[in-house]
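Beneath this line is the structure, given in structure tokens, with notes to follow.
We did not get these values from a lab; they are worked out from the coordinates using the rules stated. The shown structure was predicted, so the numbers you read here are calculated from the model rather than taken from an experiment. Ideal geometry is used to build each Cβ from the backbone, glycine not excepted, and the neighbour counts take in all protein chains shown.
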Amino acid sequence: MERANAKAGGSGRTILASLAALGSVVLASTCCLPMFPFVFAAGAAGSSAFFTKARPFLLAASLLSIAFAFYQRRRAKQCNCKPNLLSTIMRPVFRKTVLLMLKPDLLEHAMQGNYRFCSAPDCPVVYFDEESNCQFTIDDLRIRVGVKAKVEPIPLCYCFGFDESHVREEIIHTDDTTIPATISRLIGEGLCACDTHNPSGMCCLGEVNSKVKTLRTQFR
């Protein structure tokens, strides 16, 4: 019985160790750093205790993943920011989107590569390719990037033309805004085209709702 309890306790500690390893990797994330190899490495290393026979292979995979991540990191030209976890891991962007946003004289420079969108407000870099030194800044785009814009007009919804001033004026005059509901209705009708209009290639509704919340607090 004592041996079984000890075994169960060891298994529980192993699970906690695995979760701690993954958590520490996530919390250590920084902009433009390819995190997936690190996450895999930490998870494999922590989980190897579950698979005694496979432990050497998992540890080897961990070391290879770490080496590969540092190789990517060395090759990548970084932007000067530390955005949140979402922009580091979850913000790949289609090359089609990049091409549609760039000025015509830069199109040839973006014909290859796997690009990510940097959403850090104080960083001038908009797109960067982890596999090369290629990156594009706000000055390289044909349109303004709302999350990085400091002066009006500050775009919020690229598909239907709403900017921050529209939301602000409506809240000032009516104490509320119907803009998020309007955008939601149009999205529901399949009329949005965020992959070709929004520099991030993603739906703008989350950014719109966040800005509405901020402005409501500010002007109410």
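Which peptide among 123-130, 159-166 comes first, and what is the full order, when sorted by highest mean count of other Cβ atoms within 10 Å?
Details: 123-130: 22.2, 159-166: 16.1.
Peptide ranking by packing, descending: 123-130, 159-166.
Taking amide H as placed 1.01 Å from N in the peptide plane, residue 131 has its amide H under 5 Å from the amide H of 114, each at least 5 places away in sequence or on another chain. Spin-label model, residue 184/residue 139: points 7 Å from Cα along the beta carbon direction are separated by 4.1 nm. Applied to region 181-190, the Karplus parametrisation 6.51 cos²θ - 1.76 cosθ + 1.60 on θ = phi - 60° returns per-residue 3J(HN,Hα) values of 5, 5, 5, 4, 5, 5, 5, x, 8, x Hz, with x for Gly and Pro. Using the Karplus relation 6.51 cos²θ - 1.76 cosθ + 1.60 with θ = phi - 60°, the per-residue 3J(HN,Hα) values for region 127-141 come to 10, 9, 9, 5, 8, 8, 8, 7, 8, 10, 9, 4, 6, 8, 9 Hz, with x marking Gly and Pro.
Calculated FRET efficiency, residue 166 to residue 132, Cβ-Cβ distance, R0 = 35 Å: about 0.35 to the nearest 0.05.
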